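Structure first, then comments.
The values are calculated or read from the model by the stated rules, or taken from the named source; none is laboratory data. As the structure is a prediction and not an experimental result, all values here were calculated from the model. For neighbour counting, all protein chains shown are included, and Cβ atoms are generated from backbone atoms with ideal geometry for every residue, glycine included.
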Amino acid sequence: MLMWGSEVLFMKNVFLQDKVYHMSKPLILVTNDDGITAPGLRMLIRLMKDLGEVVVVAPDSPQSGMGHAITLDSTLYSKKVIIDPEHGAPEEYSCSGTPADCVKLALQELLPRRPDLCVSGINHGSNASINVIYSGTMSAAIEAGIEGIPAIGFSLCDYSWRADFAPSRAAVRQIASEALKNGIPPGVVLNVNIPKTDGDPPRGVRVCRQARANWKERFDKRTNPNGREYYWLTGEFELLDKGEDTDEWALSHGDVSVVPTQFDLTAHHAIQDLNNWRLND
């Protein structure tokens with residue numbers, strides 16, 4: 001009887017230790033804008049599994065350039081899926097909405113507890129400079145940041161679906177690890193861009209500012225066989241910044257760029273000037 005009681009006590013201790021171990025592992029929410037089957041997302045899942053417990057909530061179809069759009073006038077659907085039984089996360093959910101929708105749904109309905117970190121990406125294509133404004137990848141991270149969750153958006157400067165993400169692995173893992181260890185300042189979300197290389201790792205990691213740039217856009221006007229006119233948006237990226245402390249400079253020199261961004265859009269420097277306007281006369 002004493003032996004039986006000892007065994008029960010031993011098994012109870014093992015169970016409690018195992019429960020504490022799993023509870024101590026950070027919970028990481030992984031999302032993106034290229035869709036749940038995108039190679040960049042699959043790589044990010046594998047990297048984050050080394051750092052904590054991973055839950056994936058990502059769009060069921062590509063949502064690039066969606067910005068911070070959310071679904072208001074139609075229903076959202078989500079289902080648990082298995083994409084990669086060997087390397088995927090234990091829990092993965094596809095969502096019919098936008099990247100921001102995915103984060104909202106994850107936080108309110110799908111996650112077992114509040115995540116310790118949200119990572120979005122790895123995007124197929126640059127989100128440096130002015131691209132951050134249009135980015136669904138970064139909007140997902142920003143949505144998490146609004147909720148007070150440390151968040152990072154990762155992008156590789158290669159638009160190909162067959163892009164080589166292997167050289168970016170060490171930098172992605174290191175940045176996420178440091179974010180878990182040190183935290184990210186409140187109100188700040190990290191925009192991380194990784195240069196395209198020929199198989200070599202990036203030269204280093206540089207914390208920098210967003211470069212000033214624009215897209216010189218134009219529309220390619222065409223006519224379909226039924227005589228209806230339609231348009232393709234095209235254009236060229238125009239860098240307007242010669243500074244050597246920018247994300248574009250870092251990327252062009254083989255460095256990973258890390259830009260701390262904020263969702264408080266107040267132009268604080270302009271408040272004093274505007275207070276000199278005669279607005280109440």
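Could you count how many residues in segment 43-80 are part of a loop (DSSP other than H, G, I, E, B), crowded, with 18+ Cβ neighbours inside 10 Å and among the polar types (S, T, N, Q)?
Total satisfying the criteria: 2.
Select from segment 142-165 the residues that are without any contact (Cβ under 8 Å) to a residue 60 or more places away in the chain and in contact with a Cys (Cβ under 8 Å, 6 or more places away or on another chain) and list them in ascending order. Let's see the steps before the verdict.
Our first condition is that a residue be without any contact (Cβ under 8 Å) to a residue 60 or more places away in the chain; within segment 142-165, this holds for 147-148, 150-153, 155, 158-160, 164.
Pro150, Ala151, Ile152 - these are the residues of segment 142-165 that are without any contact (Cβ under 8 Å) to a residue 60 or more places away in the chain and in contact with a Cys (Cβ under 8 Å, 6 or more places away or on another chain).
Quickly run through segment 259-281 and pick out the residues that are assigned to a loop (DSSP other than H, G, I, E, B) and either closer than 30 Å to Val205 by Cα or under 27 Å from the mean Cα position of the chain (by Cα) (or both).
Filtering segment 259-281 down to residues assigned to a loop (DSSP other than H, G, I, E, B) leaves 263-267, 275-281.
Phe263, Asp264, Leu265, Thr266, Ala267, listed by residue number.
So in segment 195-243, with the set limited to residues that are assigned to a strand (DSSP E or B) and among the basic types (Lys, Arg), which one is surrounded by the most Cβ atoms within 10 Å (Cβ to Cβ)? Walk me through it before giving the result.
Within segment 195-243, the first condition is being assigned to a strand (DSSP E or B), and the residues that meet it are 204-207, 209, 213-223, 229-239.
Narrowing the set further to residues that are among the basic types (Lys, Arg) leaves 206, 209, 216, 218, 221-222.
On the way: Arg206: 19, Arg209: 17, Lys216: 9, Arg218: 12, Lys221: 9, Arg222: 10.
So the residue we want is Arg206.
Can you tell me which residue among Ala69, Ala100 is out of contact with any strand residue (DSSP E or B) (no Cβ under 6 Å at 6 or more places or on another chain) and at pLDDT below 95? Reasoning before the result, please.
On the way: Ala100 fails: at pLDDT below 95.
Going through Ala69, Ala100 in turn, the sole match is Ala69.
Among residues belonging to segment 120-147 that are touching a Ser or Thr at 6+ places or on another chain (Cβ under 7 Å) and among the hydroxyl-bearing types (Ser, Thr, Tyr), point out the one that is surrounded by the fewest Cβ atoms within 10 Å (Cβ to Cβ).
Ser126
Residues of segment 25-42 being among the polar types (S, T, N, Q) and either crowded, with 18+ Cβ neighbours inside 10 Å or within 17 Å of Asp101 (Cα to Cα) (or both), which ones? If you could, list the steps in order and put the result at the bottom.
Going residue by residue through segment 25-42, those that are among the polar types (S, T, N, Q) are 31-32, 37.
Across segment 25-42, the qualifying residues are Thr31, Asn32.
Somewhere in segment 148-171, is a residue more than 13 Å from the chain's Cα centre (by Cα), surrounded by fewer than 17 Cβ atoms within 10 Å (Cβ to Cβ), more than 25 Å from Gly35 (Cβ to Cβ) and among the aliphatic types (A, V, I, L, M)?
Looking for residues that are more than 13 Å from the chain's Cα centre (by Cα), surrounded by fewer than 17 Cβ atoms within 10 Å (Cβ to Cβ), more than 25 Å from Gly35 (Cβ to Cβ) and among the aliphatic types (A, V, I, L, M), one finds at least one in segment 148-171, hence yes.
So Ile271 fits all but one of (1) farther than 23 Å from Ser160 by Cα; (2) in contact with a strand residue (DSSP E or B) (Cβ under 9 Å, 6 or more places away or on another chain); (3) not hydroxyl-bearing (Ser, Thr, Tyr); what number is the exception?
Against the list (1) farther than 23 Å from Ser160 by Cα; (2) in contact with a strand residue (DSSP E or B) (Cβ under 9 Å, 6 or more places away or on another chain); (3) not hydroxyl-bearing (Ser, Thr, Tyr), Ile271 comes up short only on (2).
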